[in-house]
Amino acid sequence: MKKLQRGIVMLTTGAMLAGSLTGCGGSAKSKDYFVKTGEDGVVEDGRYTLDPNTPAWQLDTKEHSELTWYVNADWWNTSWGEDVVTKKIKEDLNVDINFLVGDDTKLNTFFAGEDMPDMITIFDASSQVAQKADTWAYSLQDLADNYDPYFYKVAADDTLNWFKLEDGKTYGYADYSNTQEDYDSGLIYATTAFVIRDDVYEAIGEPRMETQEEFLAALGKIKEQFPDLIPLGFNNFEGDGTGSLGDTLQDYLGVPLVNDDNSYYDRNLDEDYLSWIHTLSEAYREGYISDDSFTDDNTACQEKITIGKYACFMMGGTVNQSGFLSQFTGDTGHKYIAIDGPKSTKGYTPKLNQAGINGWMVTYVSKTCKDPAKAIQMYTYLLSEEGQILTNYGIEGETYVVNDDGSYSLTQEMKDLQISDNDRFKKEIRIGEFIPFGHDKYKALSNDSFPDSIKQMQKWGEGKLYPHFVLENTVPDAGTPEARSYSAIKTNWATTLMALIRSTSDEEFDATLEAYKQFLNENGWEDVMNVMSAKTKDNAEKLGLN
């Protein structure tokens, strides 16, 4: 569920009205349960005494707590205490969670006057809900200082700093929030690769495919020797309209993220990138790219990967495709392998992206929370190594074992259940499914975290990851003229990109590109870039890049 849904289910809370947010702190708040801890460190008249070296959940003497936790997604599993993972959390923290789910409409009702849940998880860190969190949520610093200073030992300083509002405090914490340290650690893997069938690669003499001439020549050999295959494929266009030929290809080529002064850089018009789009147009004219690739939905694309219909593939999201890659190997004995594909003509090195510092699910504690102490204990527990091992692997001896080399492996019983009855595995075990506060780096603790079909691709990607933090949260704010212009331009670019590749001549290619540039001029692109430049510069300052 995790990675696939992260790419598909991005619920937007940007349409939230600021008026609703300002009203939430009044009518909905019937009692303030926040009890400030004195200098003696005694919490709530003797519940426990603060110890910065011990997680508060281990000190808490309260026998039972209940919290409501709203997740802004209908797909979220609302069960609690009925599976291995949440049963253990319940036992350790002495807490029952009543999960509520919904969409933006449901979320809006809370801010319109209904009783607020104790905890709220949203999926848009740039939304009005997030930006005005100081009006309806407790800051994590206030919660930690008063109830659980151990939180600071497990929370990432860079993540806390990234989510700070103008008052200098942080109100939400995201799962899968990767920091520069995480990128440098080698514990997270690239998910982009240019891949080719190993049997095809061997048959055509294992040629280099880095320059544009080499690239086209190799595709020509494939078409000649394997006429039943599609020489070149790419992720389908039904997502953001560019498949893996937009940002993914730009990252592969190493197109700059920003200008030298950290202002916004229009990567779509980068000279190097456009020269490769022109090469793809030449490939299309030679019959190396199928027209179906522009209209296939995700299912059709995946079916072709399963049968090895594509000889080469520019692949974004290798983890998402791993099951289909594995099936191809199982059926044929062959496999897709990553090789050095298109290379920058300007000398850029790859800047492959992964999950950024923005993360995905962002969780808050509302100012109406009935037990703020227990809420911050939940943060600390799930962010700690103990919580991460539990949510990723379960319980030692019951669902996983620790190998002689220190790595983790699911027990054979768990592996068999996962394969034979995955629905039951998710429901009764829930390993890898309880993901608020999750982090990619803990997957590296097990050789079983990723299938063999993508391990060579991950190995190829080592040293090629490059944080894109400076570009996060930089689109114009919802409801502004610049946001409307940005949306129209983004849609037009998707159409333009497809037309560029499918152009039948250089003249048609140039005319299509000029028409797009004219569209930019007529739709306020300069104003959009000014807004985005201000945001990239703010990000750079926040990241210490100035």
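Every read-out reported here was derived from the displayed coordinates using simple, explicitly stated rules and does not represent laboratory data. All of these numbers come straight from a predicted model, not from anything done at the bench. In this analysis, Cβ positions are derived from the backbone assuming ideal geometry, glycine residues included, and neighbour counts consider all displayed protein chains.
Brief remarks on what is shown
- Here the 3J(HN,Hα) profile of the stretch 226-237, calculated from phi with Karplus coefficients 6.51, -1.76 and 1.60 at θ = phi - 60°, is 10, x, 8, 9, 8, x, 9, x, 7, 3, 5, 8 Hz, Gly and Pro shown as x.
- Cβ-based exposure ranking for R430, R208, R424, in which fewest neighbours within 10 Å come first: R424, R208, R430
- Amide H contacts of Y400: I395, T411, each under 5 Å away and 5 or more positions distant or on a separate chain (H built 1.01 Å from N in the peptide plane; Pro and chain starts excluded).
- Full extension of the chain between I419 and E238 yields a length gain of 62.2 nm, computed as 0.36 nm times the residue separation minus the alpha carbon distance.
- Share antiparallel - DSSP beta bridges, the chain, percent rounded to 5: 55 percent
- With coordinates expressed along the principal axes, the C-alpha atoms belonging to the stretch 26-154 extend over 43, 36, 28 Å, beginning with the largest.
- If you bin all the Cα-Cα distances of the stretch 492-546 at 10 Å, starting from zero, the percentages per bin are 22, 32, 24, 19, 4.
- Karplus-derived 3J(HN,Hα), 6.51/-1.76/1.60, for each residue of the stretch 59-64, Hz, glycine and proline x: 9, 5, 9, 5, 6, 7
- Across every direction, the projection of the convex hull enclosing the Cα atoms of the stretch 261-369 has a mean area of 12.3 nm².
- Nearest-0.05 FRET efficiency for S79 and R47, computed from C-beta distance (R0 25 Å): 0.30
- At an R0 of 30 angstrom, the distance between the Cβ atoms of D340 and N447 translates into a FRET efficiency of 0.70.
- Taking label positions 7 Å along the Cα-Cβ direction at both A300 and H64, the computed distance is 5.6 nm, reported to one decimal.
- When the alpha carbon gyration tensor of the stretch 139-290 is reduced to an equivalent ellipsoid, its three semi-axes come out at 45, 19, 13 angstrom, largest first.
- For the chain, dividing the convex hull volume of the Cα atoms by the residue count gives 154 Å³ per residue.
- Note that the stretch 349-355 has calculated 3J(HN,Hα) couplings of 9, x, 10, 5, 9, 9, 4 Hz, one per residue in order, obtained from phi through the Karplus relation 6.51 cos²θ - 1.76 cosθ + 1.60 (θ = phi - 60°); glycine and proline are x.
- Contact order normalised by residue count of the chain, Cα under 8 Å, 6+ apart, percent: 22 percent
- Of every Cα-Cα pair in the stretch 420-489, the percent that sits beyond 19 Å: 64 percent
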